[in-house]
Amino acid sequence: MTHTANTQDDFGLRIAARLNSASHDLPHDISERLRAARTRAVAARLKTQTRLQTSSGAIHQNGAALLSFGGDEGLNLWSRLASFLPLIALVGGLALIQNIMDDDRANELAEIDSALLVDDLPPAAYADPGFLQFLKNPIAIGEAKE
């Protein structure tokens, strides 16, 4: 505890002593309510004091005590923006992969179209149901090769 905390505690004790000396003349129900209120106030003060001691640490530097509060975590604007960089990289990577896959699919379709146009058969022959039966018949394929 620092010197100012001790001074504040002493001042609080003196005020409490004066209030206690004046409370002897009060009726019993009022003094009981005052006692309950003091008990709640002391409990709240102790809870606040322990919370401050656990959430903040004292750093001693060159004989001076500095308080560091742990709630900030050092996240300023640039740190928060930098935390979104992995998400941006992920979305960009997925968009790039989709673009590459679309290009590959377009190239495959272009190769099929060019093979159909250069082939000896006209493209309408591939749509003919009889041609499909011709391809399924292994005897007709063997005769066509000879």
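We did not get these values from a lab; they are worked out from the coordinates using the rules stated. All figures in this text were calculated on a predicted structure; none of them were measured in a lab. Cβ atoms come from the backbone with ideal geometry, glycine included; neighbour counts cover every protein chain shown.
Take the Cα of VAL118, step 7 Å toward its Cβ, do the same at HIS28, and the gap between the two points is 11.2 nm.
Using the Kirkwood radius over Cα pairs, work out the Stokes-Einstein diffusion coefficient for segment 10-54 at 25 °C and 0.890 mPa s, in µm²/s as a whole number. For the chosen part, D equals 207 µm²/s. Measuring how big segment 77-145 is from its alpha-carbon positions, Rg and Dmax come out at 24.2, 77 Å.
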